[in-house]
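Trainee: One structure is given below, represented as structure tokens, and several questions about it will come after.
The values are calculated or read from the model by the stated rules, or taken from the named source; none is laboratory data. Please read these numbers as outputs of a predicted model, since none were measured by experiment. Cβ coordinates were reconstructed from backbone atoms using ideal geometry, including for glycine residues, and neighbour counts include every protein chain displayed. Only protein heavy atoms, including side chains, enter the accessible area calculation; ligands, DNA and RNA are left aside. Shrake-Rupley method; radii C 1.70, N 1.55, O 1.52, S 1.80 Å.
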Amino acid sequence: VACLRGVKVLLVLNLIAVAGFVLFLAKCRPITAKSGDSFHDIHPRAEAANLTAHGISSIQDAVLKRLSLLEDIVYRQLNGLSKSLGLIEGYGGRGKGGLPATLSPEEEEKAKGPHEKYGYNSYLSEKISLDRSIPDYRPTKCKELKYGKDLPQISIIFIFVNEALSVILRSVHSAVNHTPAHLLKEIILVDDNSDEEELKAPLEEYVNKRYPGLVKVVRNQKREGLIRARIEGWKAATGQITGFFDAHVEFTAGWAEPVLSRIQENRRRVILPSIDNIKQDNFEVQRYENSAHGYSWELWCMYISPPKDWWDAGDPSLPIRYGESLG
């Protein structure tokens, strides 16, 4: 462990030193003489500075190559964290692009027990990358919308109890990968008193090393239930806006900006992004057509067809309003 820490310290120092050198080169480019000026007045030691523009370019290329190599080394070190848990990182592999993932006949036998335990194919989940790519189903007009740079930051809160570790970490990776860094204040994992060992030290050690300072873990000392667990996450949050999610989700690009923009316009709004489906057996991403989410009087979540005036507007990028805001 001490050796690994030493390697990480050296890598960080290397990155700082090389970045400083790049900045030094950028600041110390040779000055071109203006018409009528003597070169001696501008650069009295020109004879000692025998660096041509081509030479500077070669040095910068070498430095950038060095930075790329160091970045690759750091990535492999971080990637090793997931390997120690038997998990996978990267954008390829099974289930890439949101397509159905499959198991071999031998693997299918091993998957039966975990599937019954979690209600989804957790064994298959371990074979799918934490960073897998999924399709962007947004209407074209949604992708063309522009948002201000002064949007508020969000604290993403995941609530879980005895969830599969791979599913929780894929939720975290997906949130980090698809939320602009300047908008993501933090991710808070609220453990509502799980008894699975992999959700204790292994989970905490992974997020602390993989996302130091970004991911926090809050642990309830007894089972509190969904609402009280959410409140504990809210208490720990420091972002201007809090978003509550199940710990078995995957985000797509561009999800955050419209949500934060709408709340910035009116802080009393409760926004629910469009939610597609991830099939429990093969983790295929299944698109849901335009619909609003609402609740019955028994508080069961349900899909509701948009009202007529929304369809008449002919603009799929418009928000679907459901219910009245509280005064």
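Trainee: Can you return the lysines within cross-link range of K65? Criterion is Cα-Cα under 30 Å, with same-chain partners fewer than 8 residues away left out.
Mentor: Straight-distance partners of K65: K8, K27, K83, K96, K209.
Trainee: Taking square-rooted eigenvalues a ≥ b ≥ c of the alpha carbon gyration tensor, is segment 177-327 rounded, prolate or oblate, where a/c under 1.5 means rounded and, failing that, a/b exceeding b/c means prolate?
Mentor: In terms of gyration-tensor shape, prolate.
Trainee: Please compute the length gained on full extension between M302 and E197, using 0.36 nm multiplied by the number of residues separating them and subtracting their Cα-Cα distance.
Mentor: 34.4 nm
Trainee: Could I ask something else about it? Name the long-range amide H neighbours of R94: under 5 Å, sequence gap of 5 or more, or other chain; modelled H, no Pro or chain starts.
Mentor: Under 5 Å from the amide H of R94 lie the amide H atoms of S129, each far enough along the sequence or on another chain.
Trainee: Quick one: grab the alpha carbon gyration tensor of segment 122-182, order the square roots of its eigenvalues as a ≥ b ≥ c, and give me rounded if a/c is under 1.5, else prolate or oblate depending on whether a/b is larger than b/c.
Mentor: The shape class here is oblate.
Trainee: On to the next question. With a sphere of radius 14 Å drawn around the Cβ of W311, what net charge do the other residues whose Cβ falls strictly inside it have (Lys, Arg +1; Asp, Glu -1)?
Mentor: Neighbourhood net charge equals -2.
Trainee: For segment 191-232, what class follows from the C-alpha gyration tensor (a ≥ b ≥ c being the square roots of its eigenvalues): rounded when a/c is under 1.5, otherwise prolate if a/b is larger than b/c, else oblate?
Mentor: oblate
Trainee: At a 1.4 Å probe radius, carbon and sulfur cover how many percent of the accessible area of segment 252-318?
Mentor: C and S atoms contribute 53 percent here.
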